[in-house]
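The values are calculated or read from the model by the stated rules, or taken from the named source; none is laboratory data. Predicted, not measured: the structure shown is a model, and the values here were computed from it. Positions of Cβ are generated from backbone atoms using ideal geometry, with glycine treated the same way; all protein chains shown enter the neighbour counts. Surface accessibility is based on the protein's heavy atoms, side chains included, excluding ligands, DNA and RNA. Shrake-Rupley method; radii C 1.70, N 1.55, O 1.52, S 1.80 Å.
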Amino acid sequence: MKLSNRLQQIHDQIPEGSRLADIGSDHALLPVAAVRSGKAASAVAGEVNPGPYEAARKQVSDAGLKEQITVRRGDGLDVISAGEVDVITIAGMGGALIASILDRGLSKLDEVKLLILQPNVGEDILRRWLLKHHWVVVAEQLLEEDGKVYEIITAMPQKLSPIANEEVYRARPLEGGVELTSDLLLRMGPYLTDRPTDVFFAKWESEIVKLQSVVQSISKSDQESSRDKAAEVERLIVNLKEVLSCLPKVKR
């Protein structure tokens, strides 16, 4: 069984011998690969939808791993009990949904040592949730696969992290008097901005185009709140362009 590049990079972030929970596991490809490689000593594959749940059960059964991998149907972290796992992976959802899943399952996170998260959109929403709840982003990856760009965010509890959030999101001066503010670091990624690749630049140039469309749309309204919102988005566009113009490109 060969994982996609996206799932392989998530897999590679899992420490050896982990007790893993993969939430929204779909066909349980990641838990099966993690147990086979020794990354996971045991795993829970959680899936809320009946079709993927049955597909996950079949995958685990066909792999002969029913003793090591438990497939459970349920919503978010409802599929695990407190203290049962020490690594959680959640991939392929919006950042707001991932944050909501973590928020509703907050009591299940006390003994979790690592979160490996792959939001499709809304990465800044997820980073802000992690910051608010004292999780520290310790690694970030950016990759393009099948025409889509994915971010993988790895975080650990503040008490276990080798670095503090204050350092991760400390504002950084760039050339030309431009500042990479904590807000921009939350949006763009504190590690991704350290070594910006061609994929990074392409992603943010695309995001700027989307924001420009947003400005055009809300500028048609006569409401004062819409004008304020348009001005706010225009300021963000200016800030993003300034940062992109000052960051050095890293070839990969």
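Determine whether the range 34-42 contains at least one residue that is assigned to a helix (DSSP H, G or I), under 20 Å from the mean Cα position of the chain (by Cα) and free of Cβ contacts under 8 Å to residues at least 60 places away in the same chain. Working first, answer last.
Going through the range 34-42, the residues assigned to a helix (DSSP H, G or I) turn out to be 34-37.
Within this subset, residues satisfying the condition of being under 20 Å from the mean Cα position of the chain (by Cα) are 34.
Right, trim to free of Cβ contacts under 8 Å to residues at least 60 places away in the same chain and you get 34.
Yes.
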Tell me which of these ILE101 doesn't satisfy, since it passes every other one: (1) closer than 27 Å to GLY189 by Cβ; (2) assigned to a strand (DSSP E or B); (3) of a type in the set (A, V, I, L, M, F, W, C); (4) touching a Gly at 6+ places or on another chain (Cβ under 7 Å).
(2)
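Only one of LYS251, LYS159 is open to solvent by 80 Å² or more (accessible area, probe 1.4 Å) and either touching a strand residue (DSSP E or B) at 6+ places or on another chain (Cβ under 8 Å) or at pLDDT 95 or above (or both); which? First the steps, then the outcome.
Details: LYS251 fails: either touching a strand residue (DSSP E or B) at 6+ places or on another chain (Cβ under 8 Å) or at pLDDT 95 or above (or both).
None of the others qualify; the one that does is LYS159.
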So, in the range 162-200, of the ones that are among the small types (Gly, Ala, Ser) and either part of a loop (DSSP other than H, G, I, E, B) or open to solvent by less than 60 Å² (accessible area, probe 1.4 Å) (or both), which residue ends up nearest to ALA99 (Cα to Cα)?
GLY189
Members of the range 104-123 found to be more than 9 Å from the chain's Cα centre (by Cα) and not in a strand (DSSP E or B), listed by number
ARG104, GLY105, LEU106, SER107, LYS108, LEU109, ASP110, GLU111, VAL112, LYS113
Unmet criterion (only one of (1) open to solvent by 20 Å² or more (accessible area, probe 1.4 Å); (2) in contact (Cβ under 8 Å) with a residue 60 or more places away in the chain; (3) within 19 Å of the chain's Cα centre (by Cα); (4) closer than 21 Å to ILE14 by Cα) for GLU84
(3)
Looking only at the range 43-71, and only at residues there that are out of contact with any Leu (no Cβ under 6 Å at 6 or more places or on another chain), outside any loop (DSSP other than H, G, I, E, B) and of a type in the set (A, V, I, L, M), the one that is farthest from VAL112 (Cα to Cα)
ALA55
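Going by what's in this entry, would GLY64 be described as closer than 24 Å to THR154 by Cβ and either over 18 Å from the mean Cα position of the chain (by Cα) or not hydrophobic (A, V, I, L, M, F, W, C) (or both)?
Working: closer than 24 Å to THR154 by Cβ: no; either over 18 Å from the mean Cα position of the chain (by Cα) or not hydrophobic (A, V, I, L, M, F, W, C) (or both): yes.
No: the conditions fail for GLY64.
Checking the condition open to solvent by 90 Å² or more (accessible area, probe 1.4 Å), assigned to a helix (DSSP H, G or I) and touching a residue at least 24 places away in the same chain (Cβ under 8 Å), which residue from LYS203, LYS241, LYS229 passes?
Numbers: LYS203 fails: open to solvent by 90 Å² or more (accessible area, probe 1.4 Å); LYS229 fails: touching a residue at least 24 places away in the same chain (Cβ under 8 Å).
It is LYS241.
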Return only the number of the condition from (1) open to solvent by 30 Å² or more (accessible area, probe 1.4 Å); (2) within 20 Å of ARG6 (Cα to Cα) that ILE152 does not satisfy.
(1)
Could you give me the residue pairs with C-beta distances under 8 Å whose first residue belongs to the range 112-138 and is free of Cβ contacts under 8 Å to residues at least 60 places away in the same chain, whose second residue is in a loop (DSSP other than H, G, I, E, B) and of a type in the set (S, T, N, Q) wherever it lies, and which are 6+ apart or on separate chains?
HIS134/GLN158; TRP135/GLN158; VAL136/GLN158; VAL136/SER161; VAL138/SER161
Conditions first: (1) among the hydrophobic types (A, V, I, L, M, F, W, C); (2) in contact with a strand residue (DSSP E or B) (Cβ under 8 Å, 6 or more places away or on another chain); (3) over 30 Å from GLU111 (Cβ atoms). VAL178 passes all but one, so which condition is the exception?
(2)
Given the structure, is VAL112 crowded, with 20+ Cβ neighbours inside 10 Å and over 17 Å from THR154 (Cα atoms)?
no
